[in-house]
Ligand SMILES: *[C@@H]1O[C@H](CO)[C@@H](O)[C@H](O)[C@H]1NC(C)=O
């Protein structure tokens with residue numbers, strides 16, 4: 001029972017502690033939505049180091065009118081094709097909710113920017129993926145339960161026998 005409630009608490013902690021939706025500033029800093037200065041500065045390096053979950057929001061900060069954010073298909077991303085985006089944002093303070101697991105492709109709508117690396121792929125983990133990663137943790141605690149129980153009752157039995165023998169010896173001692 002103790003092992004069960006401990007693992008339940010652990011599971012609750014994981015579910016609530018990690019599922020709180022977050023706002024993630026794309027690139028990790030205010031002025032990150034621009035042509036990257038070098039490969040090490042690339043937005044995808046930031047994306048690979050970040051974890052995205054369903055319900056999180058991506059936030060872009062940029063100068064409205066000078067740049068924009070286009071959500072495009074995989075092909076649109078690969079070809080830097082700005083002509084037919086899935087969605088287009090140009091308000092300078094763009095917030096996009098990640099409503100499903102899987103890949104999202106974003107490119108800059110400013111002419112020539114995508115070709116110079118101003119683009120990012122965001123991969124949102126599926127809830128099941130998160131759960132699979134979590135489930136091995138509670139199982140050792142649950143396995144301990146039945147393994148511990150016989151040991152402790154055996155110990156109790158031994159202790160009982162020892163004290164019975166002790167009491168007997170003491171009584172015998174008193175008698176002799
Ligand atoms: C860009 O996308 C449009 C619409 O999807 C398509 O018609 C056009 O051929 C594409 N251009 C390039 C260069 O891939």
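None of the figures in this text is laboratory data; all of them are computed from the coordinates on show. These figures come from a predicted structure and were not determined experimentally. Cβ sites come from the backbone with ideal geometry, for glycine too, and all protein chains shown count toward neighbours.
A few remarks follow.
- Those residues of the stretch 103-124 whose amide nitrogen sits under 19 Å from the label point placed on residue 66, 7 Å along Cα→Cβ: 107-119
- Packing order of peptides 118-126, 82-90, highest average first: 118-126, 82-90 (average count of other Cβ atoms within 10 Å over each peptide's residues).
- Using 0.36 nm per residue and subtracting the Cα-Cα separation, the extra length available between residue 78 and residue 93 on full extension is 2.9 nm.
- The stretch between residue 125 and residue 35, if pulled fully straight at 0.36 nm per residue, gains 29.7 nm over its current Cα-Cα span.
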